[in-house]
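The values are calculated or read from the model by the stated rules, or taken from the named source; none is laboratory data. Note that this is a predicted model, so its numbers are computed, not measured. Cβ: placed from backbone, ideal geometry, glycine included. Neighbour counts: every protein chain shown.
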Amino acid sequence: MTTVQTPRQSAQTDPPTARPPLWDRRFTLYFTARAVSLVGDAMMPVAAALAVGPLYGISGVGLMLGTWTGTFVLLVLFGGVFADRVGARRMMVGADLVRVLTQGVLAAAFFAGTPPFWLLVAMAAVAGAAVAMFQPGVNGMVPLVAREPQRANATLKVADALAQLLGPALAGLLIVLTGAGTVYAIDAGTFALSALCLGLIRFGPAGAQGPAGTAGPAVSATAGKGSSLRRDLRQGWREFRSRTWMWAVILIWVFYGILLFGPMVPLSSSLIGSRLGPNAYGLAVSFLGVGTVLGGLLALRLRPARPLAAGATALVLFAVLPLCVALGAALPVLLAGHVVGGGAWAFWSVMWATSVQTHTPPEVLNRVTAYELAGSVSGIALGQILAGPATELASPDTLLLVSAGTCLAGCAVLLAIPAIRTLRRIAPTGGGAPGGI
């Protein structure tokens with residue numbers, strides 16, 4: 001794989017005729033795997049809010065989500081090391097199969113009646129561990145299956161957006177018509193199909209594949225024989241901390257997780273559901289997906305010279321989302337706010353993922369991704385767990401006003417840090433994935 005690694009190269013505009021094809025067999029399989037599992041994932045917050053919430057309240061939803069997220073944070077660093085050692089694709093397939101089991105167990109429990117809370121928490125912990133093994137490879141796989149990471153990331157973000165559009169509405173409808181068991185059963189099926197598609201991806205002999213041709217960005221020489229787990233973790237940490245723009249963003253994301261992203265689902269689902277009904281919450285999350293589609297499509301067309309500065313500027317608009325929920329906006333305004341928030345989030349996400357992928361050496365990309373994931377998600381876990389207890393100190397709408405203020409303050413800090421504001425885009429050079437795409 002040929003990837004330019006110099007972070008300070010000036011941005012270039014790629015001639016349209018020079019762009020390599022995106023939709024070859026590798027990317028199509030990868031896209032299918034991600035798209036189908038994302039639909040299942042998009043159903044889960046609504047399932048938790050509408051199925052678990054009535055049984056165990058806001059604290060129950062927050063604790064279940066927090067357990068999932070906390071387990072992920074504890075184990076994701078090891079997931080990054082294992083992805084570099086044995087191959088990202090192999091780890092992702094194994095993680096998908098574990099989640100087939102966890103979601104299948106929950107489906108059976110809901111079909112049988114009211115699942116005990118300990119089972120919900122236990123399956124959330126196992127699923128969180130599986131995602132910790134899966135997620136570091138998501139970033140590492142993109143440069144392997146596509147020569148132009150921003151186009152691939154934007155396309156995958158559109159798939160994520162469509163999942164957010166269809167998944168929540170489908171989950172709300174299925175819970176009303178058939179119960180939560182059907183939602184969890186469908187989720188298990190999406191992971192099975194994802195594992196199949198990932199297993200069918202093949203890399204050529206030209207390099208950038210893991211042991212036995214199973215995947216990863218050319219497994220690092222330091223992650224092979226004679227390498228220790230501690231040494232691999234230290235190398236990933238050195239690569240992570242050497243990039244000021246990266247650790248600075250993640251530090252901000254810890255506060256975002258605690259005050260913005262973490263409490264968003266438990267608080268929003270409670271406020272919208274109590275005021276407009278449970279179907280309104282599913283509809284609002286679907287409109288968030290509409291915005292994410294638009295943001296992803298915009299990221300397909302725009303190639304800003306300073307991607308993180310452009311992304312942080314767009315992210316200011318995300319504050320509209322918690323603000324309209326907190327102020328009790330009418331349904332049309334609420335849905336419009338979710339569209340705006342989704343678009344802002346999608347554009348930032350593409351700029352961030354592309355920056356990480358193009359400014360990080362491929363042999364350590366999975367480990368660096370694990371560190372940035374552990375940092376950014378750790379705050380979310382704490383925010384989810386504290387969402388219920390926080391309502392004893394302040395009303396949910398007041399807490400969401402704090403979330404909106406946090407969003408604006410964080411964007412100001414992002415733009416104030418020179419390493420973030422001045423980071424330049426690395427233009428693709430036509431190298432691409434192994435074997436040619």
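Is there a residue in the range 254-265 that is closer than 26 Å to ALA51 by Cα, β-branched (Val, Ile, Thr), in a helix (DSSP H, G or I) and modelled with pLDDT of 90 or more? Yes, some residue in the range 254-265 is closer than 26 Å to ALA51 by Cα, β-branched (Val, Ile, Thr), in a helix (DSSP H, G or I) and modelled with pLDDT of 90 or more. Checking each residue in the range 251-266 for being surrounded by 21 or more Cβ atoms within 10 Å (Cβ to Cβ) and of a type in the set (Phe, Trp, Tyr) picks out TRP253, TYR256, PHE261. Looking across the range 381-414 at every residue that is more than 21 Å from CYS324 (Cα to Cα) and assigned to a helix (DSSP H, G or I), the one that is modelled with the lowest pLDDT is identified as ALA381. None of ALA353, ALA280, ALA329 is at pLDDT below 85 and among the small types (Gly, Ala, Ser) except ALA280. Within the range 57-88, the residues that satisfy the criterion of being closer than 15 Å to ALA370 by Cα and not aliphatic (A, V, I, L, M) are THR69, GLY70, THR71, PHE72, PHE78, GLY79, GLY80, PHE82, ASP84, ARG85, GLY87. Scanning the range 90-108 for residues that are over 22 Å from the mean Cα position of the chain (by Cα) and free of Cβ contacts under 8 Å to residues at least 40 places away in the same chain yields a count of 1. Of all residues in the range 22-48, those satisfying the criterion of being of a type in the set (Phe, Trp, Tyr) and in a helix (DSSP H, G or I) are PHE27, TYR30, PHE31.
Of the residues ARG303, ARG275, the single one that is of a type in the set (Lys, Arg) and part of a loop (DSSP other than H, G, I, E, B) is ARG303.
Okay, residues lined up against (1) out of contact with any helix residue (DSSP H, G or I) (no Cβ under 6 Å at 6 or more places or on another chain); (2) within 28 Å of GLY388 (Cα to Cα); (3) of a type outside the set (A, V, I, L, M); (4) modelled with pLDDT under 80:
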position: ARG26; (1), (2), (3), (4): no, no, yes, no
position: LEU50; (1), (2), (3), (4): no, yes, no, yes
position: TYR56; (1), (2), (3), (4): no, yes, yes, yes
position: VAL81; (1), (2), (3), (4): no, no, no, no
position: THR102; (1), (2), (3), (4): no, yes, yes, no
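Of everything in the range 354-376, what is among the hydroxyl-bearing types (Ser, Thr, Tyr) and within 15 Å of PHE78 (Cβ to Cβ)? Give them in sequence order.
Answer for the range 354-376, where residues must be among the hydroxyl-bearing types (Ser, Thr, Tyr) and within 15 Å of PHE78 (Cβ to Cβ): THR369, TYR371.
The set of residues in the range 335-347 that are small (Gly, Ala, Ser) and surrounded by fewer than 24 Cβ atoms within 10 Å (Cβ to Cβ) contains only ALA336.
Residues in the range 348-370 that are among the aromatic types (Phe, Trp, Tyr) and surrounded by fewer than 23 Cβ atoms within 10 Å (Cβ to Cβ): TRP352 only. Among helices (runs of 4 or more DSSP H) entirely within the range 98-209, having at least 1 residues that are of a type in the set (Lys, Arg) and surrounded by 22 or more Cβ atoms within 10 Å (Cβ to Cβ) singles out 149-177.
In this structure, ALA336 qualifies as over 21 Å from the mean Cα position of the chain (by Cα) and assigned to a helix (DSSP H, G or I).
Within the range 267-301, being surrounded by fewer than 19 Cβ atoms within 10 Å (Cβ to Cβ) and among the hydroxyl-bearing types (Ser, Thr, Tyr) holds for one residue alone: SER274.
Results for (1) under 28 Å from GLY296 (Cβ atoms); (2) surrounded by 21 or more Cβ atoms within 10 Å (Cβ to Cβ); (3) in contact (Cβ under 8 Å) with a residue 60 or more places away in the chain, shown as yes or no for each residue.
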| residue | (1), (2), (3) |
| --- | --- |
| VAL36 | yes, no, yes |
| ALA42 | yes, yes, yes |
| PRO45 | yes, yes, yes |
| LEU50 | yes, yes, yes |
| GLY57 | no, no, yes |
| LEU65 | yes, yes, yes |
| VAL76 | yes, yes, yes |
| GLY80 | yes, yes, yes |
| ALA88 | yes, yes, yes |
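For the range 319-333, filtering for residues that are surrounded by fewer than 19 Cβ atoms within 10 Å (Cβ to Cβ), part of a helix (DSSP H, G or I) and touching a residue at least 40 places away in the same chain (Cβ under 8 Å) leaves 1.
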